[in-house]
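Trainee: First, the structure itself, so that you have it in front of you.
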Amino acid sequence: MKQLLIFTVFLALVGCSGTPSIQEYYVSKTEDPDFLVVDIPTSILGIGKNTLTEEEQDALDSFQKLNVLMFRKTTANADKLPEEMKTVRSIIDGKNFEPLMVMNDRQYSGKLVLTGSVEHPNEIVFFGSASDEGFMVARLIGRKMQVEKAMLLANVLKREGALEHAAEAIGNLL
């Protein structure tokens, strides 16, 4: 019995990596006043279903929600920013995520990654940062997701003004 307990503890220690998952990072920051954590269900986007094609409706139905985590740099928390960005980068640059796209310019940088396969991702994550402003991590969560559906959904969101509608709805809640 003692050997079984030792073996179980050993497996637990070996099975746990030192890097938290992106979900664990989100959860750990929910009570931190330097972070804003928002879960946006697709229903809050205000997209009129009668304006969607069947393919667009299928894309919308494959996504359940968008988790957004934002760190806005202030004079009070400026010293925290480099360490928090380093932590997020270590998670999304880890072996669990496959990079899809990297964007860089003088002010902003961004990275789109996924877990699972390109054909059937488990989650799609965007990390964007501006060293003088802060950073944002957005997780797209759903069922039967596909990268093509995510791109189609992005076009629908833009066309329908859904992000502005969601921002207004969230503003009303705060």
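Trainee: GLU54 fails exactly one of the following numbered conditions: (1) over 16 Å from the mean Cα position of the chain (by Cα); (2) of a type outside the set (Val, Ile, Thr); (3) surrounded by 11 or more Cβ atoms within 10 Å (Cβ to Cβ); (4) on the phi < 0 side of the Ramachandran plot. What is the number of that condition?
Mentor: (3)
Trainee: Here's something else I'd like to know. What is the number of the single condition among (1) closer than 25 Å to PRO41 by Cβ; (2) at pLDDT 85 or above; (3) in a strand (DSSP E or B) that ILE141 does not meet?
Mentor: It is condition (2) that ILE141 fails.
Trainee: Here's a follow-up. What number goes with the only condition from (1) under 22 Å from GLU24 (Cα atoms); (2) free of Cβ contacts under 8 Å to residues at least 12 places away in the same chain; (3) of a type outside the set (Asp, Glu) that GLN57 does not pass?
Mentor: Of (1) under 22 Å from GLU24 (Cα atoms); (2) free of Cβ contacts under 8 Å to residues at least 12 places away in the same chain; (3) of a type outside the set (Asp, Glu), only one is false for GLN57: (1).
Trainee: Output the residues belonging to the stretch 57-70 that are surrounded by 15 or more Cβ atoms within 10 Å (Cβ to Cβ) and either assigned to a strand (DSSP E or B) or polar (S, T, N, Q) (or both).
Mentor: The answer is GLN57, SER62, PHE63, LYS65, LEU66, ASN67, VAL68, LEU69, MET70.
Trainee: LYS80: touching an Asp or Glu at 6+ places or on another chain (Cβ under 7 Å), more than 21 Å from GLN146 (Cβ to Cβ), touching a residue at least 24 places away in the same chain (Cβ under 8 Å) and surrounded by fewer than 17 Cβ atoms within 10 Å (Cβ to Cβ), yes or no?
Mentor: On the way: touching an Asp or Glu at 6+ places or on another chain (Cβ under 7 Å): yes; more than 21 Å from GLN146 (Cβ to Cβ): yes; touching a residue at least 24 places away in the same chain (Cβ under 8 Å): yes; surrounded by fewer than 17 Cβ atoms within 10 Å (Cβ to Cβ): yes.
Here the answer is yes, as LYS80 does meet what is asked.
The values are calculated or read from the model by the stated rules, or taken from the named source; none is laboratory data. Values in this document were obtained by computation on a predicted structure and should not be read as measured data. Cβ atoms come from the backbone with ideal geometry, glycine included; neighbour counts cover every protein chain shown.
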